[in-house]
Amino acid sequence: MAGLELLSDQGYRLDGRKATELRKFQARMGVFAQADGSAYLEQGNTKALAVVYGPHEVRGARSRIRHDRAVINCQYSMATFSTAERKRRPHGDRKSTEMSLHLKQTFEAAVMTQLYPRSQIDIYVKILQSDGGNYSVCVNAATLAVIDAGIPMRDYVCACTVGFVDETPLADLCYAEEGGGVSSLALALLPRGGQIALLQMDARLHQDHLEALMEAAMTACKGVSKVLDQVVRQHLQEASVPSAE
Amino acid sequence: MKDTPLSNCERDFLLKAIEEKKRLDGRQTYDYRKMKITFGTDYGCCFVDLGKTRVMAQVSGELVAPKENRPNEGIMFFNIELSPMASPAFEQGRQSELSVKLNRQLERCLRNSKCIDTESLCVVSGEKVWQIRVDVHMLNHDGNLMDAASIAAITALCHFKRPDVSIQGDEVTVYSPEEREPIPLSIYHMPISVSFSFFQQGTYLLVDPCEREERVMDGLLMIAMNKHREICSIQSSGGIMLLKEQVMRCSKIASVKVSEITELISKALENDKRARKAGGRCGFAESMPQERITALKTDETSVEMTDASERANDIVENAEVPPQTVPSPVVPAPGVGQVGREGDVVEISDSEEEEVVILHPETQDKSSKNAASSSNQKGAET
């Protein structure tokens, strides 16, 4: 977008952040009593709700049963009021199906599915307000929900979307920064081993800048993992304190 | 219809071979299969052969009203069809996971990278723009559909020529190809995707997997680049965990491969332009080999044979002695077969009453009598 300065000379972005700063993080676990695990996450203005059911018996197609591991079923959808223009088709279109596949791929790598053969774990994520970085917020919310459900994972799965503007990597893009042809890289990381569960990049980026961008993404993900860890510990502390008489 | 599952021994064989850096068709780890690009009779039709994988791309354009939020830009529409013609695993009509994945990857590779100047497709701002539609059809699936599709799509777009238009006041005239020469699209760069397959939790890496290799792989990394070494898209799929160094190494390999492939595409486009100018016939029918005995001959592939003879000798020497060989059977009379020495007779009788195999020599006379009777019967029938 012409005229919109994504990175000012003093190093400030559109919303006043510095290049490596993440957006304001607010999360709450255990929001629904019915589901096995649930979490609500806000990263800046992007709000996502994640719900986990499982592990339970495989429902529907018997052919999906795997004899040695659990099947993970993900569904991603956006609320019709989540974007500036009302979304006519919240799920079932190609972009949502692709996102669901990516989420499934990410969690199949992280969740220890070998412990639950012949069963199914459902992860449902809904975006309530979309302001950029949809995939990353979904992954972070789903991680909290899976932890809330008590399903063992290899490590926290942290995701972050970074962009490249004026030779500088910007961490945690918002909607205005994502549009306008900025090269954006979405990365889902298991921080302890530095293993990448999912890597996705759009728009043109010169090969020489790739390393710097990936480094910035991994640093941002490690920052996210610290915040997620804090949220989980706080939730456990609140839950373990016996209720007042 | 579901594809036949891969047997465990085939899977073990493939994985063991990959560990020893050997591939089924004798390629090296970073080699592409033989690629052939041909064009159809109309502008915008392109066939790509990658080994045995065959895809076809067709570009077409029509004038439509533009999108509301982008009134002075043309519309690009991509579609990949996986028809059951390509593989028994593909089902007609149903939008399977693979179909969604390929469609989205092609869209991201070509649309988000802005390889086509969409503003030049505008005719009347807010009213009429060109909608360019790229349809890719899979004709044969032998692995690595994504690469073949991306090459076919971008080559078809480079080959396509849209009709010329002129605007007089409010009137828009579209000239047919006979009236005025059609105009090619303005293409900034050619993004080409390169696929890397990972095996054994990311220990081994292969470029351009064939269909068998795709079945046993853990995951796939697709990097789309152009020849200016700009990465247009990266996508990892499958449940693998990557390390940063692996991704960097893959991007370096991809840049080399992409420059080779771009070279090939430019040459093919040049050849086609020259052939059309010379007035020669071109098209799908011409590119198919004629009715000759050598029509379906496959190309020679180089296989590593450096120590083949020594290893063959070793294997033969160390092999165990085969079990007792049985001499070939002898047929003394019709309906009587004899295997082995005199005394160990196995009677093979085709008489309808006698279904039992006789193993004792003393009843040899009886069986030969039976054989004689059966041959008499045969004689009576004829």
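Here is a yes/no grid of residues against (1) more than 13 Å from chain B (Cβ to nearest Cβ); (2) within 16 Å of A:Ser82 (Cα to Cα); (3) surrounded by fewer than 23 Cβ atoms within 10 Å (Cβ to Cβ); (4) modelled with pLDDT under 95:
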| site | (1), (2), (3), (4) |
| --- | --- |
| A:Ser130 | yes, yes, yes, yes |
| A:Gly133 | yes, yes, no, yes |
| A:Ala145 | yes, no, no, no |
| A:Asp155 | no, no, yes, yes |
| A:Glu167 | yes, no, yes, yes |
| A:Asp172 | yes, no, no, yes |
| A:Tyr175 | yes, yes, yes, yes |
| A:Gly180 | no, no, yes, yes |
| A:Leu185 | no, no, no, yes |
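Any idea which residue in the range B:68-95 is farthest from B:Phe47 (Cα to Cα), counting only those that are outside any loop (DSSP other than H, G, I, E, B) and either of a type in the set (Val, Ile, Thr) or in contact with a His (Cβ under 7 Å, 6 or more places away or on another chain) (or both)?
If we take residues in the range B:68-95 being outside any loop (DSSP other than H, G, I, E, B) and either of a type in the set (Val, Ile, Thr) or in contact with a His (Cβ under 7 Å, 6 or more places away or on another chain) (or both), then B:Ile75 is farthest from B:Phe47 (Cα to Cα).
Out of all the residues in the range B:81-109, which are out of contact with any Phe, Trp or Tyr (no Cβ under 7 Å at 6 or more places or on another chain) and away from chain A (no Cβ under 11 Å)?
Hits for the range B:81-109 are B:Glu81, B:Met85, B:Ala86, B:Ser87, B:Pro88, B:Ala89, B:Phe90, B:Glu91, B:Gln92, B:Gly93, B:Arg94.
Would you confirm, using the coordinates I've provided, whether B:Leu98 is outside any loop (DSSP other than H, G, I, E, B) and more than 23 Å from B:His159 (Cβ to Cβ)?
For B:Leu98, the condition - outside any loop (DSSP other than H, G, I, E, B) and more than 23 Å from B:His159 (Cβ to Cβ) - is met.
When you look at A:Val241, is it surrounded by fewer than 15 Cβ atoms within 10 Å (Cβ to Cβ), β-branched (Val, Ile, Thr) and farther than 18 Å from A:Leu144 by Cα, yes or no?
Here the answer is yes, as A:Val241 does meet what is asked.
This table checks each residue for (1) exposed (fewer than 14 other Cβ atoms within 10 Å of the Cβ); (2) under 13 Å from the mean Cα position of the chain (by Cα); (3) over 23 Å from B:Asn140 (Cα atoms); (4) aliphatic (A, V, I, L, M).
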position	(1), (2), (3), (4)
B:Lys22	no, no, yes, no
B:Asp42	no, no, no, no
B:Cys45	no, no, no, no
B:Gly51	no, yes, no, no
B:Leu63	no, no, yes, yes
B:Pro66	no, no, yes, no
B:Ile80	no, no, no, yes
B:Phe90	no, no, no, no
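Just for the range B:110-156: of the residues that are within 14 Å of another protein chain (Cβ to nearest Cβ) and either part of a loop (DSSP other than H, G, I, E, B) or among the basic types (Lys, Arg) (or both), which one is surrounded by the most Cβ atoms within 10 Å (Cβ to Cβ)?
Among those residues, the one meeting the criterion is B:Ser113.
Return yes when A:Gly163 is within 14 Å of chain B (Cβ to nearest Cβ) and crowded, with 24+ Cβ neighbours inside 10 Å and no when it is not.
Here the answer is yes, as A:Gly163 does meet what is asked.
Only residues in the range B:224-243 that are in contact (Cβ under 8 Å) with a residue 12 or more places away in the chain and facing another protein chain (nearest Cβ under 7 Å) count as the first member; pair them with residues that are of a type in the set (S, T, N, Q) and in a loop (DSSP other than H, G, I, E, B), Cβ under 6 angstrom, at least 6 apart or cross-chain, and list the lot.
Within 6 Å, the pairs are B:Cys232/B:Ser113.
For the range B:73-105, give me the residue count where each residue is more than 17 Å from A:Met99 (Cβ to Cβ) and touching a helix residue (DSSP H, G or I) at 6+ places or on another chain (Cβ under 6 Å).
5
Just the residues that are within 13 Å of another protein chain (Cβ to nearest Cβ), buried (at least 19 other Cβ atoms within 10 Å of the Cβ) and over 23 Å from B:Leu242 (Cα atoms), please, taken from the range A:65-89.
A:Tyr76 - this is the single residue of the range A:65-89 that is within 13 Å of another protein chain (Cβ to nearest Cβ), buried (at least 19 other Cβ atoms within 10 Å of the Cβ) and over 23 Å from B:Leu242 (Cα atoms).
Residue by residue through the range A:85-110, note down the ones that are in contact (Cβ under 8 Å) with a residue 24 or more places away in the chain and among the β-branched types (Val, Ile, Thr).
Answer for the range A:85-110, where residues must be in contact (Cβ under 8 Å) with a residue 24 or more places away in the chain and among the β-branched types (Val, Ile, Thr): just A:Thr106.
Provide a single number: the residues in the range A:90-128 that are within 12 Å of chain B (Cβ to nearest Cβ) and not hydrophobic (A, V, I, L, M, F, W, C).
Of the residues in that region, 14 qualify.
Would you please name the residue that is nearest to the other protein chains (Cβ to nearest Cβ), looking only at residues in the range B:244-257 that are closer than 19 Å to B:Thr29 by Cα and among the basic types (Lys, Arg)?
The extreme case among them is B:Lys252.
Name the single residue, out of those in the range A:191-213 being within 7 Å of another protein chain (Cβ to nearest Cβ) and either under 14 Å from the mean Cα position of the chain (by Cα) or among the acidic types (Asp, Glu) (or both), that is surrounded by the fewest Cβ atoms within 10 Å (Cβ to Cβ).
A:Glu211
Inspect all residues belonging to the range B:262-270 and state whether any of them is touching a Phe, Trp or Tyr at 6+ places or on another chain (Cβ under 7 Å), more than 9 Å from chain A (Cβ to nearest Cβ), surrounded by 16 or more Cβ atoms within 10 Å (Cβ to Cβ) and in a helix (DSSP H, G or I).
no
Can you find even one residue in the range B:122-133 that is in contact (Cβ under 8 Å) with a residue 60 or more places away in the chain and in contact with a helix residue (DSSP H, G or I) (Cβ under 6 Å, 6 or more places away or on another chain)?
Yes, the range B:122-133 has at least one match.
In the range B:163-219, what count of residues is obtained for those that are surrounded by 19 or more Cβ atoms within 10 Å (Cβ to Cβ), part of a strand (DSSP E or B) and without any contact (Cβ under 8 Å) to a residue 40 or more places away in the chain?
2
Against the condition within 14 Å of chain A (Cβ to nearest Cβ) and of a type outside the set (S, T, N, Q), how does B:Ile75 come out, does it pass?
Spelling it out, it is not the case that B:Ile75 is within 14 Å of chain A (Cβ to nearest Cβ) and of a type outside the set (S, T, N, Q).
The values are calculated or read from the model by the stated rules, or taken from the named source; none is laboratory data. Fair warning: this is a prediction, and the values are worked out from it, not measured in the lab. Note that we place each Cβ from the backbone using ideal geometry, even for glycine, and neighbour counts take in every protein chain shown.
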